[in-house]
Amino acid sequence: MSNPLPDSGYGELREALRDLCSRFEPAYWQKVDRERGYPEAFVEALTQAGWLAALIPSAYGGAGLGLAEASVIMEEINRSGGNAGSCHGQMYNMGTVLRHGSEAQKRRYLPALARGELRMQSMAVTEPSTGSDTTQIKTVARKEGARYVVSGQKVWISRIQHSDLMILLARTTPLAEVKKKTEGMSVFIVDLREALGRGMTVRPIANMVNHETNEVFFDELEIPEDQLIGEEGLGFRYILDGLNAERTLIAAECIGDGYWFIDRARHYAASRQVFGRAIGQNQGVQFPISESYIELQAADLMRFRACALFDAGEASGAEANMAKYLAAKASWQAADMCLQVHGGFGFAAEYDIERKFRETRLYQVAPISTNLILSYVAEHLLGLPRSF
Ligand SMILES: Cc1cc2nc3c(=O)[nH]c(=O)nc-3n(C[C@H](O)[C@H](O)[C@H](O)COP(=O)(O)OP(=O)(O)OC[C@H]3O[C@@H](n4cnc5c(N)ncnc54)[C@H](O)[C@@H]3O)c2cc1C
């Protein structure tokens, strides 16, 4: 089949990413997945090429690109068959420092992150007893002299073993003492090289995908006060500010997955002969591929709308949420379709479909579950009464 799937612009950028990603063939990703390893060589190549520093302004040594370009980078990784979930945190976690950190923090961390000398791949928000209800978090940071002392527990915290720095959300004023439940939380930069084994312990969680994620326990972990980001008590707002970029980038990863599934499905459907003809000649096989493509194109448009608003400095919360919803749903639909088109071969590890199928499923749960997006739309866009 000669005609490739059409691209939505950014030709040179896509070419550069395709060139880099082509060095990491399916066998590479299969081996990493089988061994539950980390794609270190891939992440290093991406870092050295400067792509993970896309959103760091050039004044701090980054590429100074917009969210649209950053999203194309993430899309191309997944579209090539790779998994950007191994390193996407490095692209967006620094946003909290960039937007709300002091000049000293920016100078200390951003250039080193841009050069790849430091990795800030982790952000610790979720807790076992509170889940999506973030304002109820139990992890506390109490001020003692020139330091904060942290106690509590987090769960599902990704990429700690491949990070030097972690963003942490903790409560600094008890819930009972704040006017609004969103107040009284603060954000810190935790230097993992100092914290691990000295008040912070980590237990990996075996899970369905090859995604390094962990339970984290804080037992009187000391954090120097200059590691607080911005003002004490405003942490929840700072975290929310970062979510639009995160959701839009993850939407782009889902779009990359979706194109990969559709491409695989159409090639297989055109070549697999059963009952004396290509299976793709049957409309029962064709139509689900067409449907996936239509759904994915719609998600792609919403992704670029979210990027355009974000890059123009305008509110993009609604579009980022809707892009994430549409893209995660479309990529999952495409995954299911692709597996079905491949029949039994869809289950064979060497075809990669079962791996991508597992990987793309995650994004209807993390970093925000689909129901919470529906709830956001109901309350914030449709004016329906709050349910929680
Ligand atoms: C592989 C992986 C990596 C992750 N990485 C990170 C990370 O790096 N950092 C981090 O902080 N977190 C991370 N998470 C956590 C992730 O953000 C949460 O799993 C997600 O936000 C959902 O929270 P929960 O699992 O506690 O589900 P819950 O909040 O317990 O919800 C369970 C289900 O109930 C639904 N639900 C809950 N309340 C309502 C309601 N009021 N109305 C309708 N439906 C509702 C939810 O939509 C969901 O489907 C990760 C999770 C996974 C699986």
Exercise. Does any residue of region 366-388 turn out to be of a type in the set (Phe, Trp, Tyr), more than 16 Å from the ligand (Cβ to nearest atom) and either crowded, with 23+ Cβ neighbours inside 10 Å or more than 16 Å from the chain's Cα centre (by Cα) (or both)?
Worked result: no
For this session: Select from region 207-239 the residues that are within 14 Å of the ligand (Cβ to nearest atom) and without any contact (Cβ under 8 Å) to a residue 60 or more places away in the chain and write down the one among them that is most open to solvent (accessible area, probe 1.4 Å).
Result: ASN207
Exercise. Open to solvent by 20 Å² or more (accessible area, probe 1.4 Å) and touching a residue at least 40 places away in the same chain (Cβ under 8 Å): does that describe GLN333?
Worked result: yes
Seminar exercise, completed: Of the residues in region 267-291, those that are without any contact (Cβ under 8 Å) to a residue 60 or more places away in the chain and of a type in the set (A, V, I, L, M) number 4
Problem set entry | Residue pairs meeting the criteria (Cβ under 6 Å; at least 6 apart or on separate chains; first outside any helix (DSSP H, G or I), in region 298-316; second not aromatic (Phe, Trp, Tyr)) | SER316/ASN244; SER316/ALA306; SER316/LEU309
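Matching residues to (1) surrounded by 15 or more Cβ atoms within 10 Å (Cβ to Cβ); (2) of a type outside the set (Val, Ile, Thr):
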residue	(1), (2)
ILE294	no, no
PHE304	yes, yes
VAL341	yes, no
ASP352	yes, yes
For this session: Could you tell me whether region 67-87 includes any residue that is without any contact (Cβ under 8 Å) to a residue 12 or more places away in the chain and crowded, with 18+ Cβ neighbours inside 10 Å?
Result: no
Exercise. Within the bounds of region 283-295, is there any residue that is charged (D, E, K, R) and under 18 Å from the mean Cα position of the chain (by Cα)?
Worked result: no
Problem set entry | Within region 114-135, considering residues that are in a loop (DSSP other than H, G, I, E, B) and among the aliphatic types (A, V, I, L, M), the one least open to solvent (accessible area, probe 1.4 Å) | MET120
Exercise. Within region 136-173, which residues are within 12 Å of the ligand (Cβ to nearest atom), of a type in the set (A, V, I, L, M, F, W, C) and open to solvent by 30 Å² or more (accessible area, probe 1.4 Å)?
Worked result: TRP156
Exercise. Which condition does ALA252 not pass, out of (1) assigned to a helix (DSSP H, G or I); (2) open to solvent by 10 Å² or more (accessible area, probe 1.4 Å); (3) not hydroxyl-bearing (Ser, Thr, Tyr), if it passes all the others?
Worked result: (2)
Exercise. Under 6 Å by Cβ, and 6 or more places apart or on different chains, what pairs join a residue from region 159-171 that is of a type in the set (Val, Ile, Thr) with one that is within 12 Å of the ligand (Cβ to nearest atom) and not in a strand (DSSP E or B)?
Worked result: ILE167/ASN93
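The values are calculated or read from the model by the stated rules, or taken from the named source; none is laboratory data. What you see is a predicted model; the values in this text were computed from it and never measured. Positions of Cβ are backbone-derived with ideal geometry, glycine not excepted, and every protein chain shown enters the neighbour counts. Surface areas here come from the heavy atoms of the whole protein model, side chains and all, with no ligands, DNA or RNA. Shrake-Rupley method; radii C 1.70, N 1.55, O 1.52, S 1.80 Å.
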